[in-house]
């Protein structure tokens with residue numbers, strides 16, 4: 001029988017006790033989710049923009065993928081700054097410039113996401129009821145897609161009687177229609193989308209503030225308390241995840257939960273770092 005070396009077992013126990021296994025499992029799952037969103041956005045974009053579109057239109061359809069890519073980049077930057085990099089490496093000018101360059105790119109992409117969400121809400125507000133249409137069967141062979149609850153289906157002779165309820169239809173964008181129920185769901189969906197990105201920006205701002213303060217050796221005070229208070233926003237994000245799960249979008253709910261755990265990992269890194277700063281101050285003060 002072959003036995004595992006003692007040093008291997010001790011390292012494994014230490015790895016588990018420090019929560020590193022959970023941390024890297026979360027990071028790995030976030031990376032996999034990025035691939036899922038890329039595939040999903042591509043499928044929706046090829047349906048909506050099947051006749052072609054501008055660069056801005058394509059970027060709007062891939063806004064979720066760009067958004068996830070930016071958040072993943074920020075997670076990597078925060079992990080490096082709060083855990084992986086030693087103090088000596090962090091102080092190197094090239095390292096700090098490199099991290100800030102990645103950070104800037106991520107925030108530019110996130111601003112694009114905010115813009116895309118605002119445009120999406122503005123387009124929805126301008127959506128008009130199709131008064132001349134009382135049945136989807138009137139739209140057969142017009143290259144129009146029906147959507148409800150973020151699912152898209154081509155309208156043909158076989159589906160026109162099955163897709164919609166009632167006689168009210170709305171043109172959400174060129175070639176995409178929905179019924180009254182779909183219109184109501186779309187309003188909720190787009191509101192949650194823009195609310196989500198703004199809440200995440202507030203959370204990241206709190207992390208950036210905490211990171212800045214602890215870099216200066218500050219471990220207490222009103223600003224740090226304000227940054228920690230922002231963690232209550234995670235509760236709202238969990239509620240959104242519950243809504244997506246209820247609506248059948250398990251991927252979105254799963255993804256939302258993973259990102260919450262991912263940023264909790266960063267918060268834990270900051271807490272550990274803060275304890276180290278406090279311990280160092282006590283050692284310096286002790287005679």
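The values are calculated or read from the model by the stated rules, or taken from the named source; none is laboratory data. Fair warning: this is a prediction, and the values are worked out from it, not measured in the lab. Here the Cβ is made from the backbone with ideal geometry for all residues, glycine too, and neighbour counts use every protein chain on show.
I'm trying to understand the selection: among the residues of region 186-221, which are farther than 27 Å from residue 103 by Cα and crowded, with 18+ Cβ neighbours inside 10 Å? Answer for region 186-221, where residues must be farther than 27 Å from residue 103 by Cα and crowded, with 18+ Cβ neighbours inside 10 Å: 186, 189.
Only residues that are more than 33 Å from the chain's Cα centre (by Cα) and at negative phi: list them for region 137-165, please. Before you say what the answer is, go through the steps one by one.
Step one: of region 137-165, the residues more than 33 Å from the chain's Cα centre (by Cα) are 137-142, 156-162.
If the condition is that a residue be more than 33 Å from the chain's Cα centre (by Cα) and at negative phi, then 137, 138, 139, 140, 142, 156, 157, 158, 159, 160, 161, 162 are the ones that fit.
Conditions (1) at pLDDT below 90; (2) over 19 Å from residue 63 (Cβ atoms); (3) buried (at least 18 other Cβ atoms within 10 Å of the Cβ); (4) over 16 Å from the mean Cα position of the chain (by Cα), marked per residue:
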position	(1), (2), (3), (4)
167	yes, yes, no, yes
177	no, yes, yes, yes
184	no, yes, no, yes
223	yes, yes, no, yes
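Results for (1) touching a helix residue (DSSP H, G or I) at 6+ places or on another chain (Cβ under 6 Å); (2) assigned to a loop (DSSP other than H, G, I, E, B); (3) surrounded by 13 or more Cβ atoms within 10 Å (Cβ to Cβ), shown as yes or no for each residue.
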site: 138; (1), (2), (3): no, no, yes
site: 153; (1), (2), (3): no, no, yes
site: 159; (1), (2), (3): no, yes, yes
site: 162; (1), (2), (3): no, yes, no
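Just checking, does region 48-69 include any residue being within 15 Å of residue 262 (Cβ to Cβ), touching a helix residue (DSSP H, G or I) at 6+ places or on another chain (Cβ under 8 Å) and modelled with pLDDT under 65? The answer is no, given that none of the residues of region 48-69 is within 15 Å of residue 262 (Cβ to Cβ), touching a helix residue (DSSP H, G or I) at 6+ places or on another chain (Cβ under 8 Å) and modelled with pLDDT under 65. Considering (1) free of Cβ contacts under 8 Å to residues at least 24 places away in the same chain; (2) within 18 Å of residue 44 (Cβ to Cβ), the lone condition that residue 124 does not fulfil carries the number (1).
Going by what's in this entry, would residue 105 be described as touching a helix residue (DSSP H, G or I) at 6+ places or on another chain (Cβ under 8 Å) and modelled with pLDDT of 80 or more? Criteria met by residue 105. In the set 245, 251, 223, 198, only one residue is part of a helix (DSSP H, G or I) and closer than 28 Å to residue 84 by Cβ; that residue is 223. The set of residues in region 146-165 being touching a strand residue (DSSP E or B) at 6+ places or on another chain (Cβ under 8 Å) and farther than 25 Å from residue 243 by Cα consists of 154, 155, 159. A single entry from 132, 128, 91 fulfils the requirement of being loosely packed, with under 15 Cβ neighbours inside 10 Å, over 17 Å from residue 208 (Cβ atoms) and touching a strand residue (DSSP E or B) at 6+ places or on another chain (Cβ under 9 Å): 128.
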